[in-house]
Amino acid sequence: MNITRKELVDYDATMNQSRNMIYHLIRFMKVNGLEGNDVKQRLRLMGRNIAKSFHNYWKPVDQVNIVNVRDVIATMYKKIVNSSVSVEMDESQNLIVVRDSKCALCKYFYEDVGKFAGCEILLGMVSELISLINNGSVSGSKILLIPQEVSESLSYGDNACIQVFKYSRGGM
Amino acid sequence: MGAFQWLMKKVMKVFSRTTNSLFYTLLYREILKEIHEITKNEDDSVTIFREFGKRSAYESCERHSSIFKFMPGNPEKILEYFEVLWAVVFGMEMGEHSYEEIKVEGQKYTEYLLTIANNPICGGYGDDEEDTFKFKKLSKDTEGCSAGLGGMLESVANFILKIKENEFRISITETKCLAKGADALELSCKIYDLAEWQELTAVKLQDKITSKVHILDSKGEEEFVQDSKLDFLDKLQDVISLDKLEEILDEPLEGIKKRLADVIRDKLNMEPDHFFDYFRNYEDDMIRIIGFLFIHVLNEYGGVIEKLLKSETFAKAVGYLFRQIKDMALLFIPIDVVNDYHQLLINFLDGLAPPEMVENVRNMSGKDDLYLIFEGAQMALENLGINFSELKENVWEELKKEREDGLISSDASMVEETQEKFPKILRIVQELLMMISEVLTLPIRVLISESHYGIKTTVNSVISEEEGGLFVRFRDRIDNIFDVVQEMRE
């Protein structure tokens, strides 16, 4: 009997090679005609698919709301990509800003890849995971996240990755 | 898993970036699916995926080439380290597995078949709606879900062989896949001559696939590798590559004496007793020279010590640490152990040096040896930049002074971070001290068994896991250190 996905949740794997592989994929997408925004959307879709499967085996809470959203996001990053992140909320613009100085999916700037960050995948994954957790919840205090952008990234040559989400209360 | 495989696994694990294994597996799946989204052809997708695995791993190896220099440099030995690579990549032991050697007639080298019962890559594949890549559509000869992994492992293995200037290469391909319906993962490892390998890999990826997609050419293995910038590691790996360490452990005292005698004859063109005769009646200085040379030889590899001591603060810190060790050495090293080392020195000189000199050394004590070695080491450290005369009575006075000068940051977060890490640092120091103490008991075992079975027996006996010997305790302590380091990194 092979190891199950449920069991895999309790282990850590080394990411170095797979991180590099994301950038080979981006090169492959670009050379086969995908434009900048298409590439980002495909990466976010990968993240959403990861979230859909991951949610079947792990979720940190039963509901995500405005009170716990920062902690939930920090927990997700810690558990899934082993990153300690800072999560800020900008209530005037309904934005959530995640800062990760040791992003698991970005590390180096590749001139031939250009301004693409592997953590676009996380943008899709985190928003989808929160959506799945809150799916079915009737509480008006629940929160939904929409990926906005990776505003800074180690892959762009910055010092940290900054992922920006827009949030709305009670669903969209 | 042998001692060095275990150590390598620990080192590689600490210095790698980890994520959750399920995330890793799902990301791996998604990359393959995205390739397929473009090719629309399962066989081509797997072929391209394997190539991406190869290129990714090679890129990683190139960045961390120094660490691979300590790996053994021949194909069979590398396969012995396969378990290490597996454990590092997946964060779990390889579990139930078997090796099979297959000798094919007409084939120059043995082929190895590795069967692994559990494969995290395809663990639970098919359970989720998003598992849309159809492995069962793959043709019989195409690899399965571990193609990317096979590419990575092949790349790492060949990178090691290349930097070790070995004339062989290995191919690692998946021959049975759980996701394709097999009952276990099977990897086939074949060994090739370099020329044969180059011919085999000359076919471009673009020519291996049928779909009309574009693929960027690889930079090519040969031009991809750069020499390590760290001369120190380059030189060190000549001495302590893992397989050589194993050889050293097998060597009894008489063998080492014979080697030294050969070196003196070969390099200095004189008999060993003539060489040692120069030190007759200057035995004190000879022992000082051991400490002096020890520091300078360490520094010889890349001038690392000298570079580190250029920083005044660091030089002071090392100075205090050195003085502390010197003052406290006899508190944590039992005098019997020191005397055992003294006896070891006498045994070492006996036969190499003139009898009168051996007698003079015999009249000294182990304690004298220790102080003289420290004196020699202190002289070397002074040469390299530590001004011992400037050091305060103890390190706390130095810290107090710097606080008054405002040299230590008063940033609250820095202080908090330091306070948080301090107990962990203390734990590391404590574990290191305990390790040193335990290693220092080695000569007792060496001397007792040397007269009967030689060093090899001793080393083997302390390595024995059932006896809970030195190795087990040593491993536990290193385990603790790695755990704390990993906690600190997180």
For residue B:35, work out the one condition from (1) touching a residue at least 40 places away in the same chain (Cβ under 8 Å); (2) facing chain A (nearest Cβ under 8 Å); (3) of a type outside the set (D, E, K, R); (4) within 25 Å of residue B:135 (Cα to Cα) it doesn't fulfil.
-> (1)
Expected output for the stretch A:25-52 (first residue at pLDDT below 95, partner aromatic (Phe, Trp, Tyr) and not in a helix (DSSP H, G or I), Cβ below 8 Å, 6+ apart or cross-chain) is A:36/A:116
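Residues checked against (1) loosely packed, with under 14 Cβ neighbours inside 10 Å; (2) within 14 Å of another protein chain (Cβ to nearest Cβ); (3) touching a Phe, Trp or Tyr at 6+ places or on another chain (Cβ under 6 Å); (4) farther than 26 Å from residue A:52 by Cβ:
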position: B:98; (1), (2), (3), (4): yes, no, no, yes
position: B:135; (1), (2), (3), (4): no, yes, no, no
position: B:140; (1), (2), (3), (4): yes, no, no, yes
position: B:150; (1), (2), (3), (4): no, yes, no, yes
position: B:162; (1), (2), (3), (4): no, no, no, yes
position: B:173; (1), (2), (3), (4): no, no, no, yes
position: B:209; (1), (2), (3), (4): no, yes, no, yes
position: B:212; (1), (2), (3), (4): yes, yes, no, yes
Just one listed residue, out of A:113, A:138, is out of contact with any Gly (no Cβ under 9 Å at 6 or more places or on another chain), closer than 19 Å to residue A:16 by Cα and at pLDDT below 95, and it is A:113
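Rundown of residues vs (1) out of contact with any helix residue (DSSP H, G or I) (no Cβ under 6 Å at 6 or more places or on another chain); (2) among the hydroxyl-bearing types (Ser, Thr, Tyr); (3) modelled with pLDDT of 85 or more, yes/no style:
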| position | (1), (2), (3) |
| --- | --- |
| B:78 | no, no, no |
| B:88 | no, no, no |
| B:133 | no, no, yes |
| B:140 | yes, no, yes |
Checking residue A:125 against (1) more than 29 Å from residue A:26 (Cα to Cα); (2) assigned to a helix (DSSP H, G or I); (3) among the hydrophobic types (A, V, I, L, M, F, W, C), which test does it fail?
-> (1)
What is the one condition in (1) in contact with an Asp or Glu (Cβ under 8 Å, 6 or more places away or on another chain); (2) among the hydrophobic types (A, V, I, L, M, F, W, C); (3) away from every other protein chain (no Cβ under 11 Å) that residue B:87 does not satisfy?
-> (3)
Out of B:338, B:304, sole residue that is β-branched (Val, Ile, Thr) and surrounded by fewer than 18 Cβ atoms within 10 Å (Cβ to Cβ) | B:304
Within the stretch B:368-385, which residues are in a helix (DSSP H, G or I) and among the hydrophobic types (A, V, I, L, M, F, W, C)?
-> B:370, B:372, B:373, B:374, B:377, B:379, B:380, B:381
Would you pick out the residues in the stretch A:102-123 that are under 15 Å from the mean Cα position of the chain (by Cα) and free of Cβ contacts under 8 Å to residues at least 60 places away in the same chain?
-> A:102, A:103, A:117, A:119
Going through (1) at positive phi; (2) surrounded by 14 or more Cβ atoms within 10 Å (Cβ to Cβ) one by one, residue A:136 fails only at (2)
Taking the stretch B:103-123, which residues are over 14 Å from residue B:146 (Cα atoms) and either outside the structural domain of residue B:151 (by TED's automatic domain parsing) or in a loop (DSSP other than H, G, I, E, B) (or both)?
-> B:103, B:104, B:105, B:106, B:107, B:108, B:109, B:110
Meets criteria (under 26 Å from residue A:100 (Cα atoms), assigned by TED's automatic domain parsing to the domain that holds residue B:176 and either modelled with pLDDT under 95 or not aromatic (Phe, Trp, Tyr) (or both)) for residue B:26 = yes
Determine whether the stretch B:77-94 contains at least one residue that is loosely packed, with under 15 Cβ neighbours inside 10 Å and either in a loop (DSSP other than H, G, I, E, B) or touching a Gly at 6+ places or on another chain (Cβ under 8 Å) (or both).
-> yes
Kindly establish whether residue B:146 is within 10 Å of chain A (Cβ to nearest Cβ) and crowded, with 17+ Cβ neighbours inside 10 Å.
-> no
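The values are calculated or read from the model by the stated rules, or taken from the named source; none is laboratory data. The shown structure was predicted, so the numbers you read here are calculated from the model rather than taken from an experiment. Counting neighbours? That spans all protein chains shown, and the Cβs are built from the backbone with ideal geometry, glycine included.
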